[in-house]
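The values are calculated or read from the model by the stated rules, or taken from the named source; none is laboratory data. Since this is a predicted model, take the numbers as computed values, not measurements. As a convention, Cβ positions derive from the backbone with ideal geometry for all residues, glycine included, and neighbour counts pool all protein chains shown.
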Amino acid sequence: MNASSDVVLDVKRLSGGFEDTDHQILPVLTDVTFSIRRGVSAAIVGESGSGKSITALSVLGLTPAGFSLTAGQIRFEGEDLLTMDPARRRKLSGRGLSMVFQDARAALNPVFTVGWQIADVVRIHQDVGRREARRRAEELLDRVRVPEPARRMKQYPHEFSGGMAQRAMLAMALACQPRLLILDEPTTGLDVTIQADILDLIADLKAASGMTTCLITHDLGVVAENCDQVVVMQQGCVRESGSCAQIINTPTDPYTKQLISDSRLVETS
Amino acid sequence: MATNVGPIYDPPSLAHPFGTDRLGDDILSRTMSAATLDVSITVAVVLLSVTVGTVWGSVAGFFGSWFDYLTMRILELLNAFPSLLLAMLVIAVAGPGLLNVVFVVALLPLPDYVRLARAEVRSKKNWQFAEAAKLVGRRPVGVLFAHLVPNSLRPLLTYASVNASQVAATVGALGFLGLGIQPGSAEWGSMISRGQDAILSGQWWVAGFPGLMIFLLAAAFHLISDAIADSRDQGGSW
């Protein structure tokens, strides 16, 4: 494998911002540059407003109204997502890259059973019948360690707890078999023990399927335990990026140092 | 339908529970025969209107741009006419007949359904589950019809059942004015019109019973709408 095919996601000098009432762009992202190698578990770390989520949404083409990118490239497996035609891009969503949202319960459709929704995604991506899709959906729920998958299949999202809903979202993402899975704060708002369970699960699923993951979080503790590669962002700029060990142990950027000393990493290590 | 089975203008009795009209026709049997017509016209009108309105409104709300703009202008045009007058005009031009009545009466509540569906879809299209559906590779049309429309159905159906009672009254009104289906066929509205002179001379039952039926049908649709509203309060499955 040559060097370029080794990189799944390559973001180059990405800039953008929200348009104000005078049609001036208020910058939110400035020259964001980083790349994610195939098979790693990467993380984008930063506090609220650092631009980490909007970077991820830009990669997925889900930027909110009023936001526009002004410069830069987002290359997924060598192809620029920003200049790609919409049909090709839609084909990539799900199969190429997929996302798990922070609030899993809001990301499930309230009027359909969870099983129906997972089976539906299975049918979009795999040429199987209704019954086979339901069987695979149940298998997926079992893989993400939802107890009693057969019974859970028939339940509606409001009957799921936050942690269970996040598992269902993971099952749905897995149904697409994505090459890159972006997880936007997947454990924020969950109990600490459930957080650990979900992170373990993500690591196991990653190991089993060989997909690349990109975790978006504000929690350096989570990053230190789970990731190989880290991008630190602050106020729309990348402060530092590199391997996890290097950044945690020998940070060069003052902001990263601040972040590490403010987190509980120092106390525990 | 039996004709001339009894004496003319016979008051309600055991032989003729609803009495007879000026031709000696039994009002009960005419009322029952008219029920199939009135109920099926009403149901057909509501189904047609809610289907067309939902598809039209949700597409306009989802895709926006010029189609949405055009839709809103057409709706304003439709709303600018008094609805019964519009229906009378169209039927006067197109001629009476079952299908014409269905199409014309379906046109009247159409703007309400379009607006309702449009507003529902617009308020929900940026919800996370719609974005999540895009992310797993659904086409925009798929996001609309598989995710957004099913989420908008409850207010539409609740409104449809309220609207059905108005439709029942409109169908009766057109029949009363002689603009409905073929003159002479048993229909509650035209039966009322047949009996209106008799009210003055004391034979209240000729127009009274068909009128009561329209009232009961409208009330029945209101009960259905209450039931739908209750199912929402109990956190029903949809």
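Annotation note: of A:Gly51, A:Gly46, A:Gly66, A:Gly61, the sole residue that is within 23 Å of B:Gln128 (Cβ to Cβ), in contact with an Asp or Glu (Cβ under 6 Å, 6 or more places away or on another chain) and not acidic (Asp, Glu) is A:Gly66. A single member of A:Leu9, A:Leu92 is in contact (Cβ under 8 Å) with a residue 60 or more places away in the chain and crowded, with 17+ Cβ neighbours inside 10 Å, and it is A:Leu9.
Is it the case, given these coordinates, that B:Ala132 is under 22 Å from A:Asn109 (Cβ atoms), among the small types (Gly, Ala, Ser) and touching a strand residue (DSSP E or B) at 6+ places or on another chain (Cβ under 9 Å)?
Working: under 22 Å from A:Asn109 (Cβ atoms): yes; among the small types (Gly, Ala, Ser): yes; touching a strand residue (DSSP E or B) at 6+ places or on another chain (Cβ under 9 Å): yes.
Yes, satisfied.
Among the residues of segment A:83-104, none is identified as under 18 Å from A:Ala137 (Cα atoms) and more than 16 Å from the chain's Cα centre (by Cα). For segment B:123-138, residues that are of a type outside the set (A, V, I, L, M, F, W, C), part of a helix (DSSP H, G or I) and at the interface with chain A (Cβ under 7 Å from one of its Cβ atoms) total 3. Set side by side, the residues A:Ser68, A:Ser93, A:Ser50 differ, and just one is farther than 28 Å from A:Asn226 by Cβ and not aliphatic (A, V, I, L, M), which is A:Ser68. Taking first residues from segment B:93-120 that are at negative phi and partners that are among the acidic types (Asp, Glu), the Cβ contacts under 8 Å between residues at least 6 apart in sequence or on separate chains come to B:Arg118/B:Asp68.
For segment A:234-262, name all the residues that are out of contact with any Leu (no Cβ under 9 Å at 6 or more places or on another chain) and of a type in the set (A, V, I, L, M, F, W, C). Once the filter is applied, which keeps residues that are out of contact with any Leu (no Cβ under 9 Å at 6 or more places or on another chain) and of a type in the set (A, V, I, L, M, F, W, C), segment A:234-262 yields A:Val238, A:Cys244, A:Ala245, A:Ile247.
For the structure I just gave you, tell me whether A:Gln258 is touching a residue at least 40 places away in the same chain (Cβ under 8 Å), closer than 29 Å to A:Leu26 by Cα and surrounded by fewer than 17 Cβ atoms within 10 Å (Cβ to Cβ). Spell out the reasoning first.
Values: touching a residue at least 40 places away in the same chain (Cβ under 8 Å): no; closer than 29 Å to A:Leu26 by Cα: yes; surrounded by fewer than 17 Cβ atoms within 10 Å (Cβ to Cβ): yes.
Answer is no for this residue.
Every residue, every condition in (1) closer than 16 Å to B:Ala34 by Cα; (2) surrounded by 20 or more Cβ atoms within 10 Å (Cβ to Cβ); (3) under 15 Å from the mean Cα position of the chain (by Cα); (4) within 14 Å of another protein chain (Cβ to nearest Cβ), yes or no:
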| residue | (1), (2), (3), (4) |
| --- | --- |
| B:Leu144 | no, yes, no, yes |
| B:His147 | no, yes, no, yes |
| B:Gly178 | yes, no, no, no |
| B:Gly202 | no, no, no, no |
| B:Leu217 | yes, yes, yes, no |
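Elements of the type strands (runs of 3 or more DSSP E) sitting completely within segment A:135-241 and holding at least 3 residues that are within 14 Å of chain B (Cβ to nearest Cβ): these cover A:180-184.
Would you confirm whether or not segment B:57-68 contains a residue that is crowded, with 16+ Cβ neighbours inside 10 Å and closer than 21 Å to B:Val102 by Cβ? There is at least one residue in segment B:57-68 that is crowded, with 16+ Cβ neighbours inside 10 Å and closer than 21 Å to B:Val102 by Cβ. Taken over segment A:64-86, the criterion of being small (Gly, Ala, Ser) and at the interface with chain B (Cβ under 9 Å from one of its Cβ atoms) is satisfied by A:Ala65 alone. Among the residues of segment A:125-166, how many are surrounded by fewer than 19 Cβ atoms within 10 Å (Cβ to Cβ) and aliphatic (A, V, I, L, M)? The qualifying residues number 2.
Answer yes or no as to whether A:Ser35 is outside any strand (DSSP E or B), under 13 Å from A:Cys214 (Cβ atoms) and either within 14 Å of another protein chain (Cβ to nearest Cβ) or at pLDDT 85 or above (or both). Write out each step before concluding.
Values: outside any strand (DSSP E or B): no; under 13 Å from A:Cys214 (Cβ atoms): yes; either within 14 Å of another protein chain (Cβ to nearest Cβ) or at pLDDT 85 or above (or both): yes.
Judged against the criteria, A:Ser35 is not a match.
Taken as a whole, the condition of being outside any strand (DSSP E or B), within 30 Å of A:Glu159 (Cα to Cα), in contact with a Lys or Arg (Cβ under 9 Å, 6 or more places away or on another chain) and touching a residue at least 24 places away in the same chain (Cβ under 8 Å) does not apply to A:Ser53. From the list A:Leu57, A:Leu108, the one residue that fits, being under 16 Å from A:Ile182 (Cβ atoms), within 14 Å of chain B (Cβ to nearest Cβ) and at pLDDT 85 or above, is A:Leu57. Within segment B:101-122, being touching a Ser or Thr at 6+ places or on another chain (Cβ under 7 Å), part of a helix (DSSP H, G or I) and either at the interface with chain A (Cβ under 8 Å from one of its Cβ atoms) or within 30 Å of B:Gly178 (Cβ to Cβ) (or both) holds for B:Val105, B:Ala106, B:Leu110, B:Tyr113.
Against the condition among the acidic types (Asp, Glu), free of Cβ contacts under 8 Å to residues at least 12 places away in the same chain and in contact with a strand residue (DSSP E or B) (Cβ under 8 Å, 6 or more places away or on another chain), how does A:Asp85 come out, does it pass? Considered against the rule, which asks whether it is among the acidic types (Asp, Glu), free of Cβ contacts under 8 Å to residues at least 12 places away in the same chain and in contact with a strand residue (DSSP E or B) (Cβ under 8 Å, 6 or more places away or on another chain), A:Asp85 comes out as no.
Scanning segment A:194-224 for residues that are within 26 Å of A:Asp6 (Cβ to Cβ) and surrounded by fewer than 17 Cβ atoms within 10 Å (Cβ to Cβ) turns up A:Ala203, A:Asp204, A:Ala207, A:Ala208, A:Ser209, A:Gly210. Exactly one residue out of B:Val121, B:Val105, B:Val93, B:Val114 is at pLDDT 85 or above and surrounded by fewer than 22 Cβ atoms within 10 Å (Cβ to Cβ), and it is B:Val93.
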